[in-house]
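The values are calculated or read from the model by the stated rules, or taken from the named source; none is laboratory data. This one's a predicted model, so the numbers in the text were calculated from it and none came from an experiment. No Cβ is skipped: glycine too gets one built from the backbone with ideal geometry, and neighbour counts run over all protein chains shown.
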Amino acid sequence: MKVTVKIFFSFKEEVDGDNILIDLPAGAKVSDAFVNLSRRFPTLSKRLFAPSGEIHRHLSALVNGTNVTFRQGCNTGLKDGDTLTILPPVGGG
């Protein structure tokens, strides 16, 4: 299945464009998309995964505009044609 990944802000420096089309097996989850991206863009891996191998908890991920926190987190399932948006932490004051 094909999933479009939208990357914003500082993550753009490590990838080749704003929208990345990835191919995932049926039944894939958000976490599988993160693994796919880290393999395709190795320099992105440290920004997506903590040293423990878990996805950094400070990242925001949205599937079709809905934050995965309100679903099943990184275990949220993906379907063909979905859009996954990954946002790095934003701070300020």
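Quick rundown of the values:
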{"read-out": "Single residue of the range 54-69 satisfying the filter (over 16 Å from PHE8 (Cα atoms) and aliphatic (A, V, I, L, M)) that is modelled with the lowest pLDDT", "value": "ILE55"}
{"read-out": "Boolean, LYS29 is basic (Lys, Arg) and in contact (Cβ under 8 Å) with a residue 60 or more places away in the chain", "value": "no"}
{"read-out": "Test result for LEU62, under 11 Å from the mean Cα position of the chain (by Cα), buried (at least 18 other Cβ atoms within 10 Å of the Cβ) and under 16 Å from ASN75 (Cβ atoms)", "value": "yes"}
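Residue-by-condition table, conditions (1) within 12 Å of the chain's Cα centre (by Cα); (2) crowded, with 17+ Cβ neighbours inside 10 Å; (3) of a type outside the set (A, V, I, L, M):
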position: ILE22; (1), (2), (3): yes, yes, no
position: PHE34; (1), (2), (3): yes, yes, yes
position: PRO51; (1), (2), (3): no, no, yes
position: HIS56; (1), (2), (3): yes, no, yes
position: LEU78; (1), (2), (3): yes, yes, no
position: THR83; (1), (2), (3): yes, no, yes
position: ILE86; (1), (2), (3): yes, yes, no
position: PRO89; (1), (2), (3): no, no, yes
